[in-house]
Amino acid sequence: MKVDQLEIRIFETRKEMGEAAAVTVAGKIRELQSGKEFINIIFASAPSQNEFLAALKQEPGIAWERINAFHMDEYVGLPADAPQTFGNFLKVNLFDFVPMHSIHYLDGNATDPEKECARYAGLLEQYPTDIVCLGIGENGHLAFNDPHVAFFDDPLTVKIVELDDACRNQQVNDGCFRTFGEVPATALTLTIPTLLKAKYAYAMVPGPNKAQAIYNTLNEEIQQDYPATILRMHPNAVLFIDKASSGMLKEISSYSRA
């Protein structure tokens with residue numbers, strides 16, 4: 001099924017979804033590695049990625065030592081060892097298990113956040129993205145590009161953003177923080193154009209809390225108020241969803257309108 005250029009794959013459970021996404025991404029990694037010495041991948045950090053990452057690190061035939069890894073966002077001001085930091089999330093769910101060639105972390109505690117954005121932007125310029133593995137937020141965000149800052153023509157590569165309330169509430173819903181007040185209000189994020197520069201984009205979006213976001217992504221006009229709608233313009237994007245997150249798509253056949 002496709003909507004515009006976005007391919008959609010629906011699975012009964014989030015485990016099946018994650019495993020299928022891992023097979024697809026691993027296949028693309030092996031394909032790219034057959035023709036390139038190194039490839040560059042941006043990873044999302046969220047519970048929505050758990051099943052995918054668990055399966056991906058078990059996939060055979062990936063030359064992890066030929067991958068340069070990045071992540072797409074980070075809170076500002078959390079202690080470096082806080083389990084909620086996105087760098088730590090990826091460390092304990094993937095990076096500790098596979099021998100990456102290099103891992104590039106966004107530093108949410110940098111003395112000068114603007115300089116940190118520039119530093120990371122330089123790395124992304126040096127290592128052009130081959131694959132981006134991402135999620136979609138409850139408010140439709142990609143990375144921390146909430147609707148009020150999700151500029152499709154953003155001139156920046158990495159920027160500082162103020163998180164909206166829906167985004168911060170999601171972090172509580174996901175069990176990452178106990179209360180809304182504990183969630184940082186500021187973060188660093190790769191921008192929408194930066195994410196879309198990836199040659200291949202794979203979005204893993206399970207769970208009932210994402211049903212409205214999935215409906216909006218596939219039904220609203222492509223616009224910044226619904227950031228994830230921009231995925232429908234990417235020539236090589238695949239959306240993986242489960243029964244729960246597809247729950248508002250009442251007539252599945254209507255989504256074959258590419």
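The values are calculated or read from the model by the stated rules, or taken from the named source; none is laboratory data. Source: prediction; values computed, not measured. In this analysis, Cβ positions are derived from the backbone assuming ideal geometry, glycine residues included, and neighbour counts consider all displayed protein chains. Surface areas here come from the heavy atoms of the whole protein model, side chains and all, with no ligands, DNA or RNA. Shrake-Rupley method; radii C 1.70, N 1.55, O 1.52, S 1.80 Å.
Output the residues belonging to the stretch 124-168 that are among the charged types (D, E, K, R), open to solvent by 20 Å² or more (accessible area, probe 1.4 Å) and assigned to a strand (DSSP E or B). Write out each step before concluding.
Of the stretch 124-168, the ones among the charged types (D, E, K, R) are 125, 130, 138, 146, 153-154, 159, 162, 164-165, 168.
Filter again for open to solvent by 20 Å² or more (accessible area, probe 1.4 Å), leaving 125, 138, 153, 162, 164-165, 168.
Listed by number, the list holds a single entry, GLU162.
Can you pull out every residue in the stretch 186-200 that is in a strand (DSSP E or B) and surrounded by fewer than 23 Cβ atoms within 10 Å (Cβ to Cβ)? Before the answer, list the steps.
First pass over the stretch 186-200, keeping only residues in a strand (DSSP E or B): 186-190, 200.
THR186, TYR200 - these are the residues of the stretch 186-200 that are in a strand (DSSP E or B) and surrounded by fewer than 23 Cβ atoms within 10 Å (Cβ to Cβ).
Output the residues belonging to the stretch 1-18 that are buried (at least 19 other Cβ atoms within 10 Å of the Cβ) and either outside any strand (DSSP E or B) or among the aromatic types (Phe, Trp, Tyr) (or both).
PHE11, ARG14, MET17, GLY18
If you check VAL92 against the conditions, is it free of Cβ contacts under 8 Å to residues at least 12 places away in the same chain, open to solvent by 20 Å² or more (accessible area, probe 1.4 Å) and of a type outside the set (Ser, Thr, Tyr)? Walk me through it before giving the result.
Numbers: free of Cβ contacts under 8 Å to residues at least 12 places away in the same chain: yes; open to solvent by 20 Å² or more (accessible area, probe 1.4 Å): yes; of a type outside the set (Ser, Thr, Tyr): yes.
So VAL92 passes the test.
Mind checking which residues of the stretch 53-83 are open to solvent by less than 20 Å² (accessible area, probe 1.4 Å), in contact with a helix residue (DSSP H, G or I) (Cβ under 8 Å, 6 or more places away or on another chain) and closer than 26 Å to THR157 by Cα?
LEU53, ILE67, ALA69, PHE70, HIS71, MET72, ASP73, GLU74, TYR75, ALA82
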